[in-house]
């Protein structure tokens with residue numbers, strides 16, 4: 001299997017290492033280097049994306065500050081352009097997911113649209129904490145954690161396939177979302193069949 005592995009911060013390195021060890025042809029882009037895998041430059045991403053059997057982005061790209069807000073990075077937008085140009089379903093965060101996980105105001109807006117209460121955790125951490133995460137694939141989320149289903153339509157519309165996790169607290173009996181993460185969930189991926197597991201999520 002030809003795999004293009006994009007790593008904004010290196011968080012998926014251990015999974016990528018196992019994919020390389022399994023004998024797959026892996027090209028790396030970003031903050032990741034591994035023996036047995038070639039490092040590619042930005043100009044080489046076009047042909048690699050065109051011929052890749054699997055494209056992985058192993059975490060959100062850091063957002064860029066503007067005068068009044070935050071926006072997706074040029075790198076994130078470039079990878080999204082590659083996906084759309086070659087009509088590829090890539091596994092991992094899109095610019096929209098980058099914003100959800102990195103901009104609290106953007107997450108609050110979407111929580112409001114989806115009927116979820118949003119709030120910041122108390123500084124004294126006195127409220128009970130909860131998390132709910134799962135792998136999103138076409139029209140489904142595995143496992144079907146609490147409140148994740150509300151994001152299905154949004155993620156389907158942007159062709160997002162990957163790990164997404166909500167976190168929050170219970171404030172006076174009210175379930176409150178205080179943040180989310182699209183960081184790499186290495187401990188949920190079956191060892192020895194990493195590439196096959198990840199490819200199945202893009203179907």
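Please treat every number below as a calculation from the coordinates, not as lab data. Keep in mind that this is a model prediction, so the values were computed, not measured. Here the Cβ positions follow ideal geometry from the backbone for every residue, glycine too, while neighbour counts run over all protein chains shown.
Descriptive notes on the structure:
- Hey, residue 192 touching a residue at least 24 places away in the same chain (Cβ under 8 Å) and on the phi > 0 side of the Ramachandran plot or not: yes
- Residue check, residue 93 touching a residue at least 24 places away in the same chain (Cβ under 8 Å) and closer than 16 Å to residue 9 by Cβ: yes
- Counting only helices (runs of 4 or more DSSP H) that sit completely within segment 102-203, those holding 2 or more residues that are under 25 Å from residue 16 (Cα atoms) correspond to 194-201.
- When we screen 101, 76 for residues that are in contact with a strand residue (DSSP E or B) (Cβ under 7 Å, 6 or more places away or on another chain) and surrounded by 14 or more Cβ atoms within 10 Å (Cβ to Cβ), the only hit is 101.
- Residues of segment 3-25 classified as in a strand (DSSP E or B) and out of contact with any helix residue (DSSP H, G or I) (no Cβ under 8 Å at 6 or more places or on another chain), total: 1
- Number of positions in segment 1-25 that are in contact (Cβ under 8 Å) with a residue 60 or more places away in the chain and either in contact with a strand residue (DSSP E or B) (Cβ under 7 Å, 6 or more places away or on another chain) or crowded, with 20+ Cβ neighbours inside 10 Å (or both): 8
- Answer residue from segment 159-182, given it is crowded, with 18+ Cβ neighbours inside 10 Å and over 12 Å from residue 130 (Cβ atoms) and is farthest from the chain's Cα centre (by Cα) among those: 180
- Answer residue from segment 26-73, given it is assigned to a helix (DSSP H, G or I) and without any contact (Cβ under 8 Å) to a residue 12 or more places away in the chain and is farthest from residue 101 (Cα to Cα) among those: 47
- Total residues in segment 125-157 satisfying the condition of being touching a residue at least 12 places away in the same chain (Cβ under 8 Å) and loosely packed, with under 13 Cβ neighbours inside 10 Å: the figure is 4.
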